[in-house]
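Notes for the one structure printed next.
The values are calculated or read from the model by the stated rules, or taken from the named source; none is laboratory data. In this text, all values refer to a predicted model and were calculated from it rather than measured experimentally. Please note: Cβ atoms are built from the backbone with ideal geometry, for glycine as well, and neighbour counts cover all protein chains shown. Please note that ligands, DNA and RNA were not included when accessible areas were found on the heavy atoms of the full protein model with its side chains. Shrake-Rupley method; radii C 1.70, N 1.55, O 1.52, S 1.80 Å.
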Amino acid sequence: MPFLKSIRFDWKKAKGRNTFPFNIPTIRGLKEIELGSDITFFVGENGSGKSTLLEAIASKCGFTSMGGGPNTLLKADLLETTLEDIITLSWLPKVKNGFFLRAETFYDFASYIDQLEKEDPGRAYEPYGGKSLHQQSHGEAFLSLFLNRFNYKGLYLLDEPEAALSPQRQLAFLGVINQLMASGKAQFIIATHSPILLAYPGAVIFNFDQTPMGTIEYENTDHFFITRQFLNDRESFFKELFNGE
């Protein structure tokens, strides 16, 4: 069962209900999100609010918005007002470990680890496979992070981890998730566009393309439907895209 049970919203604390991020249609007015699975996916188009909510959860857990764990001191320019101000996390039991991965700031995080290694040689790289994340390909660095850093009982928040992973490596990542889930050590909340990752058995999917946001079955997501239609009849897609037919 998940450690983080629910996310509650107190809209009385919102400073400017008609300003970002409080005016995001799929989130505005939500009272509570119950997390009934050890693995939860957020799906939706860019700008739908999934990454904004994930970042708020990370900040509430004490993770820097640039990515990392609770002891990461990587600085970032933060918005003065975020969803963190109005959410409360309900735990049973409370866990303090975990990690927040943002694909778009991973370069900065890898550089931060390099700087720590310079300051204290032989220690900073140990949780990341023993060498600089910059000395590996993007996909290798992600998998190295998953295999070596995700070994503590904790909450793992991932924002578009598929950005650096080929389809084959996405499948390998699902294997990593399965091992951690079997050990009872991990809970995942993942914002993704990947139909491969979304297929993980038993996952709960929240759809940020509906208002208000709610759960959706895998086969009903646009990610599954469009991918299947494209693979089954890509010529029709090309005709419509290129010729307007």
If you roll a 1.4 Å probe over the heavy atoms of the protein chains, what accessible area per residue do you get for segment 139-198, in Å²?
-> 36 Å²
From the square roots a ≥ b ≥ c of the eigenvalues of the alpha-carbon gyration tensor of segment 47-162, which class results: rounded (a/c under 1.5), prolate (a/b over b/c), or oblate?
-> prolate
Can you pick out the pairs among K94/K118; K13/K153; K50/K131; K31/K60 whose Cα atoms lie more than 28 Å from each other?
-> K94/K118; K13/K153; K50/K131
In segment 89-245, carbon and sulfur make up what percent of the accessible area (probe 1.4 Å)?
-> 50 percent
What the Cα atoms of the chain span along the principal axes, largest first and in whole Å, is 61, 47, 35
Most fluctuating of P25, P201, P127 in the GNM of the chain (C-alpha, under 10 Å) is P201
Assign unit charges at the C-beta atoms only (+1 for Lys and Arg, -1 for Asp and Glu), then state the dipole size of segment 62-180 relative to its Cα centre in Debye, rounded to the nearest 20.
-> 540 debye
Could you check which residue among D120, D108, D38 shows the biggest mean-square fluctuation in a GNM of the chain with a 10 Å Cα cutoff?
-> D120
Among R149, R17, R234, whose mean-square fluctuation peaks in a Gaussian network model of the chain (Cα, cutoff 10 Å)?
-> R234
Ratio of the Cα radius of gyration of segment 1-110 to 2.2 N^0.38 Å, where N counts its residues = 1.06
Counting only DSSP beta bridges with both residues in the chain, tell me the antiparallel percent, nearest 5.
-> 35 percent
